[in-house]
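Reviewing the structure listed below.
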Amino acid sequence: MKLLLATNNVNKRIEFQSLLPATITLLSLEDVAIHEELPEHEKTIEGNSLSKAKYASEKAGIPCIAEDTGLEVYALNQEPGVYSARYAGKNATSADNIKLLLQRLDTISDRKARFKTVITYYENGQYEQFEGIIEGRIAEFEKGSNGFGYDSVFIPEGLDKTFAEMNLEQKNEYSHRKRAFVRFLSFYRNKL
Ligand code: ITT
């Protein structure tokens, strides 16, 4: 069974690949000749997840999954949230985003945060969404070198190491993406 994964983020793709049953083959945007940026102009994680899945599915003419993820910091009114990828500006790197986040939390003791992923499955004008959340907190400084994005400053609840100090298998035990994916898979298995 082939399924299109609409993402330009190589790390997301690696994580999805590690979660897939062998019966499902992921197609990339390149496989279906989509080379442009996906539309992400909505104000919510759900909205952006849907707009990416809809765009890619309609353009390729096959069923598609896409996801949008945000880091929500409680003391910052859920920032950076839907703007996680561009928190420090349009062309910001993860290092820029983390720097700004740590600056904003510098004098704040409540460092509670969560990652939220929404996966959208889109097929023939119909869609379903699947949410995955992991609660945790933002570390005082970066730790670890695995993973991507904000992994080096996110510590899952009940643990004392960041996602970047874990290998992928360990991150998958807790991650927002895995939690959303498990829900998606129980829906998708009925289609196989
Ligand atoms: P798409 O092509 O899938 O849209 P993207 O990188 O633009 O890829 P998002 O719009 O979902 O992805 O942006 C999410 C931001 O949050 C981005 O800065 C990521 O680096 C970060 N992020 C997403 N998942 C993460 C994870 O599991 N751990 C750490 N940071 C993550």
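If we keep just the residues of the range 1-22 that are open to solvent by 30 Å² or more (accessible area, probe 1.4 Å) and of a type in the set (Lys, Arg), which is nearest to the ligand (Cβ to nearest atom)?
Only one residue tops the list, namely 13.
From the residues in the range 19-48 that are within 17 Å of the chain's Cα centre (by Cα) and among the hydroxyl-bearing types (Ser, Thr, Tyr), which one is nearest to residue 7 (Cα to Cα)?
Restricting to residues being within 17 Å of the chain's Cα centre (by Cα) and among the hydroxyl-bearing types (Ser, Thr, Tyr), the top hit is 28.
State whether the residues of the range 176-188 include one that is part of a loop (DSSP other than H, G, I, E, B) and either touching a residue at least 24 places away in the same chain (Cβ under 8 Å) or surrounded by fewer than 13 Cβ atoms within 10 Å (Cβ to Cβ) (or both).
The answer is no, given that none of the residues of the range 176-188 is part of a loop (DSSP other than H, G, I, E, B) and either touching a residue at least 24 places away in the same chain (Cβ under 8 Å) or surrounded by fewer than 13 Cβ atoms within 10 Å (Cβ to Cβ) (or both).
So that you can scan it fast, the table gives a plain yes or no per residue for (1) within 12 Å of the ligand (Cβ to nearest atom); (2) outside any helix (DSSP H, G or I); (3) of a type outside the set (Val, Ile, Thr):
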site: 40; (1), (2), (3): yes, yes, yes
site: 58; (1), (2), (3): no, no, yes
site: 66; (1), (2), (3): yes, yes, yes
site: 107; (1), (2), (3): no, yes, no
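Out of all the residues in the range 23-79, which are open to solvent by 60 Å² or more (accessible area, probe 1.4 Å) and among the hydroxyl-bearing types (Ser, Thr, Tyr)?
23, 25, 44, 55, 74
Among the residues of the range 87-110, are any over 24 Å from residue 56 (Cβ atoms) and in contact (Cβ under 8 Å) with a residue 60 or more places away in the chain?
No, the conditions are met nowhere in the range 87-110.
Can you report the number of residues in the range 68-92 which are away from the ligand (no atom under 12 Å from the Cβ) and among the hydrophobic types (A, V, I, L, M, F, W, C)?
Summing the residues that are away from the ligand (no atom under 12 Å from the Cβ) and among the hydrophobic types (A, V, I, L, M, F, W, C) in the range 68-92 gives 3.
Which of the residues belonging to the range 149-182 are under 12 Å from residue 69 (Cβ atoms) and of a type in the set (Ser, Thr, Tyr)?
150, 175, listed by residue number.
Looking only at the range 122-157, which residues are of a type in the set (A, V, I, L, M) and either open to solvent by 50 Å² or more (accessible area, probe 1.4 Å) or outside any helix (DSSP H, G or I) (or both)?
Within the range 122-157, 133, 134, 138, 139, 155 meet the criteria.
The values are calculated or read from the model by the stated rules, or taken from the named source; none is laboratory data. Values in this document were obtained by computation on a predicted structure and should not be read as measured data. Please note: Cβ atoms are built from the backbone with ideal geometry, for glycine as well, and neighbour counts cover all protein chains shown. The accessibility values were calculated without ligands, DNA or RNA, using every heavy atom of the protein model including side chains. Shrake-Rupley method; radii C 1.70, N 1.55, O 1.52, S 1.80 Å.
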